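Quick note: the coordinates plus some simple rules give every number you see, no bench work behind them. Just so we're clear, the structure is a prediction, and the values are computed from it rather than from any experiment. As a convention, Cβ positions derive from the backbone with ideal geometry for all residues, glycine included, and neighbour counts pool all protein chains shown.
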Amino acid sequence: MLMRTDPFRDIDRLAETFFGTAGRPAVMHVDAERDGDWFHVYFDLPGVDPDSIDLTVERNVLSVRAERRRAQRDGVEQVISERPMGTFSRQLLLGDTLDTEKLEAAYENGVLTIRIPVSDRAKPRRINITAGSDERRQIAG
């Protein structure tokens, strides 16, 4: 028996991985960079209502959850539906060197920007050395 396969099936599966499906939205793309004493993280969330964004930090795990819904309008027929809808989520493991107590977040033009300062305890610091008297330097034998 000759098995026929759809030559576009693999292409469709690959596209679903990057763009998602209605049941499983695509991954939330992220960039991160360090600029001096600040760590910046950028999440692409186009078309997301800012009120749907949930940002939490527990221990050293930063969690972002957001939802994008398709507007339902009476009398409007959907012709093409490719943009992923639903709940998007992403978790990042943060290093101990970041001060999550002073984390700042802003959402503008479809990008969630998170700024986290580097912890003071993680910054290099100079240690003063005091010279003791000769008695302290002697080793009893």
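Data table
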quantity	calculated
Förster-model FRET efficiency, 41 Å R0, Ile80 and Arg115, C-beta, rounded to 0.05	0.65
Cβ-based net charge around Val111, under 10 Å, with every Lys or Arg adding one and every Asp or Glu removing one	-3
From phi via Karplus (6.51, -1.76, 1.60), per-residue ³J(HN,Hα) for the stretch 40-57 in Hz, x at Gly/Pro	10, 10, 10, 10, 7, 9, x, x, 8, 5, x, 5, 8, 7, 10, 10, 9, 10
